[in-house]
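Take a look at the structure set out below.
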Amino acid sequence: MPVPIRRLIVALTLCCALLAGATACGGETRTEDTAAVVAAATPTPTSSAEKQKFAKTRFVANAGLAAGATYQWIVKPWKAGKFKKGAEGRRFALVKAGLAGAFTYNRLKAANKNAQGDPALAKAVAPLTAGIDALKDLPSKLRKGDSTDSVVGSFDDIINNVKDAGKSAGAEVTDKVPSASQLTG
């Protein structure tokens with residue numbers, strides 16, 4: 001039993017020494033120094049598009065994840081007939097498609113925001129903003145199994161338009177299938 005008591009005494013001594021050292025260093029503070037630090041840390045008002053670094057790279061990454069999720073969990077199961085009534089595993093496929101739809105919408109919104117940081121991308125993606133916003137309610141329709149053909153078509157069309165817009169602006173988008181943790185996170 002002497003070992004735990006010895007450890008307790010050492011730990012207590014170290015804590016007291018650290019506490020005493022920290023309070024001894026707390027002397028006077030000068031308000032001029034504090035004001036200078038606060039003024040230096042205050043960000044200057046600029047637009048988010050102006051401050052964004054690597055806009056094309058971020059656009060390609062976000063659009064690629066959206067395209068990969070759409071193909072892997074929406075288009076591919078739809079082509080395999082998993083969304084048809086009576087299909088084996090239909091409910092699970094629809095839930096995964098709904099999650100993928102929400103993920104795709106989120107990543108396309110992020111890609112649209114990234115595109116604003118690059119003038120060529122901003123011009124190319126600007127006409128697609130309304131289409132991306134139209135995807136907002138579609139994941140819930142997928143989960144419910146409502147008119148899956150038109151919903152899948154909408155996702156596929158928007159993804160292809162975003163890919164084409166990126167390609168025309170010099171930012172080619174390739175499909176990147178997100179992990180399950182990315183999809184649910």
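Every number in this text was worked out from the coordinates using simple rules, so none of it is lab data. Keep in mind that what you see is a predicted model, and the values were worked out from it rather than measured. We place every Cβ from the backbone using ideal geometry, glycine too, and count neighbours over all the protein chains shown.
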* **For the stretch 82-96, Karplus couplings with θ = phi - 60° (6.51, -1.76, 1.60), whole Hz, Gly/Pro x** => 6, 8, 6, 4, x, 6, 5, x, 4, 4, 5, 5, 5, 5, 4
* Structure fact -> Projected area averaged over all directions for the convex hull of the alpha carbon atoms of the stretch 88-164, nm², comes out at 4.9
* Asked: How large is ³J(HN,Hα), in whole Hz, for each residue of the stretch 139-150 in order, when computed from phi with the Karplus curve 6.51 cos²θ - 1.76 cosθ + 1.60 and θ = phi - 60°, using x for Gly and Pro?
  -> x, 5, 5, 5, 4, 7, x, 7, 5, 5, 4, 6
* For Ala180 and Glu88 in one chain, what is 0.36 nm times their gap in residues minus the Cα-Cα distance, to one decimal in nm? -> 31.0 nm
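In whole percent, what relative contact order does the stretch 46-115 give with Cα contacts below 8 Å and a gap of six or more residues? Before the final figure, lay out each step's value.
Values: 55 pairs, mean separation 36.1, N = 70.
Relative contact order of the stretch 46-115: 52 percent.
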* Please turn the phi angles of the stretch 163-179 into ³J(HN,Hα) values with the Karplus equation 6.51 cos²θ - 1.76 cosθ + 1.60 (θ = phi - 60°), one per residue in order, whole Hz, x for glycine and proline. => 4, 5, 5, x, 5, 5, 9, x, 10, 6, 9, 10, 5, 10, 6, x, 6
* Structure fact -> Ser154 neighbourhood, Cβ < 13 Å, K/R = +1, D/E = -1, net charge -4
